[in-house]
Amino acid sequence: MRDLLRILRDLQELDEDLYRVRRELEALPRERQEKRGAIDTQIGRKKELEAEVFRLRVQIKELEDGAKVRRQRIRQLETASGNTRADQALIAAYSHEIRNLKREISDGDEKGLQLVEKAEALELEAKKLSQEIEASEKVFAEFSANVDAELARAQARADTLGKERRERIGNQVPPDVLGTYDRLLEVRAGVALAALDNRTCQGCHIQVPTNIYVRLTKGRELVQCPKCQRILYTWD
C-alpha cells in the first residue's frame with residue numbers, strides 16, 4: 001500500500017499541473033466570450049440609437065410636411081380673403097383659420113427644433129460609440145489571436161500530460177483505487193490526496209480520530225479523511 005501511495009502522490013503532482021492547464025482551457029474561451037459580449041452590447045446600443053434617430057427624423061419630416069401643407073392653406077386663405085372684400089364674416093373666419101394655422105406651424109417648428117436637437121445629440125452619441133466599437137474590435141482581434149495561441153499551447157500541454165498520465169498509471173493502480181482517485185480529483189478541484197501531519201488533514205485541516213492515524217501508519221489499506229474524503233498519506 002505504501003508503494004501505491006507513492007505512485008498516487010507522483011500522479012497527483014502531474015494531475016495538479018494537468019488540472020491547471022484544463023482550467024486555463026476553460027477560462028480563456030469564457031474570458032473571450034465575456035469581452036465579445038461587452039462589444040456586442042455596445043453594438044446593440046448603437047443600433048438602438050440609430051433606430052431612435054431614424055424615428056425622430058421621420059417625425060421631423062412629418063412636421064415639415066405638415067407645415068408645408070399649412071403654409072399652402074394660408075396662402076389660399078389669404079387669396080380668398082383678398083377676393084372677398086364685402087363679406088366681413090367670411091373674412092373673419094379666414095383670419096381665424098390663418099391664425100390657428102400659423103400657431104400650429106409655430107408649435108410644430110418648436111417641436112421640430114427640439115426633435116432635431118435630440119436627433120443630433122443621439123447621432124453624436126452613436127458616432128462616439130462607433131469609434132469606441134472600432135477601437136474595441138481592434139483590441140479584441142488581438143486578444144482573440146493571443147487566446148488562440150494560448151489555447152493551442154495549453155492543449156498541447158494537456159495532451160502531453162494526458163499521455164504521461166496514462167503511462168504512469170499503466171497497470172500499477174488497481175481500477176477501484178483509480179476510480180476513487182479520479183472521482184476525488186473531480187469533486188476536490190484536482191487535489192485527491194492530502195498529507196496527514198500531526199493527525200491533521202492538510203486538505204481540510206481537521207484533526208482526524210486516532211484510529212484513522214493508526215490505520216494509515218499500518219499501511220495495509222487506503223485511508224480517506226472522514227470529512228473531505230481525500231486519500232491520506234504521511235510524509236516519508
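The values are calculated or read from the model by the stated rules, or taken from the named source; none is laboratory data. All values derive from a computational prediction rather than experimental measurement. Methodologically, a virtual Cβ is constructed for each residue, glycine included, from the backbone with ideal geometry; neighbour enumeration extends over all protein chains shown. We work out accessible area using only protein heavy atoms, side chains counted, and drop any ligands, DNA or RNA first. Shrake-Rupley method; radii C 1.70, N 1.55, O 1.52, S 1.80 Å.
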Problem - the stretch 188-218: number of residues that are surrounded by 12 or more Cβ atoms within 10 Å (Cβ to Cβ), within 21 Å of residue 7 (Cα to Cα), hydrophobic (A, V, I, L, M, F, W, C) and in contact (Cβ under 8 Å) with a residue 24 or more places away in the chain - result: 7
Exercise for the section: Please list, ordered by first then second residue, the pairs with beta carbon atoms under 6 Å, 6 or more apart or interchain, first in the stretch 40-67 and in contact (Cβ under 8 Å) with a residue 12 or more places away in the chain, second of a type in the set (Asp, Glu). Expected result: 49/125; 53/123
Practice task
Answer with yes or no whether residue 114 is open to solvent by 90 Å² or more (accessible area, probe 1.4 Å), within 46 Å of the chain's Cα centre (by Cα) and not acidic (Asp, Glu).
Solution key: yes
Handout entry: Yes/no for residue 77 being closer than 30 Å to residue 147 by Cβ and touching an Asp or Glu at 6+ places or on another chain (Cβ under 9 Å)
Key = no
Handout entry: Yes/no for residue 167 being under 29 Å from residue 30 (Cα atoms), assigned to a helix (DSSP H, G or I) and either open to solvent by 30 Å² or more (accessible area, probe 1.4 Å) or among the β-branched types (Val, Ile, Thr) (or both)
Key = no
Completion exercise
The residue from 63, 77 that alone is farther than 30 Å from residue 42 by Cα, hydrophobic (A, V, I, L, M, F, W, C), modelled with pLDDT of 95 or more and open to solvent by less than 90 Å² (accessible area, probe 1.4 Å) is 63
Exercise for the section: Answer yes or no as to whether residue 103 is under 31 Å from the mean Cα position of the chain (by Cα) and open to solvent by 80 Å² or more (accessible area, probe 1.4 Å). Expected result: no
Handout entry: Near pairs, Cβ below 8 angstrom, 6+ apart or cross-chain, from the stretch 110-130 (assigned to a helix (DSSP H, G or I)) to any residue that is surrounded by 12 or more Cβ atoms within 10 Å (Cβ to Cβ) and basic (Lys, Arg)
Key = 119/57; 126/46; 129/45; 129/46; 130/46
Handout entry: Matching residues, the stretch 210-232, being in contact with a Lys or Arg (Cβ under 6 Å, 6 or more places away or on another chain) and in a helix (DSSP H, G or I)
Key = 213
Handout entry: Total residues in the stretch 145-157, condition touching a residue at least 40 places away in the same chain (Cβ under 8 Å) and exposed (fewer than 15 other Cβ atoms within 10 Å of the Cβ)
Key = 2
Practice task
Please work out which one of (1) in a loop (DSSP other than H, G, I, E, B); (2) among the aromatic types (Phe, Trp, Tyr); (3) under 24 Å from residue 28 (Cβ atoms) is the condition residue 235 fails and give its number.
Solution key: (3)
Exercise for the section: Tell me which of these residue 173 doesn't satisfy, since it passes every other one: (1) in contact with a Cys (Cβ under 7 Å, 6 or more places away or on another chain); (2) open to solvent by less than 30 Å² (accessible area, probe 1.4 Å). Expected result: (1)
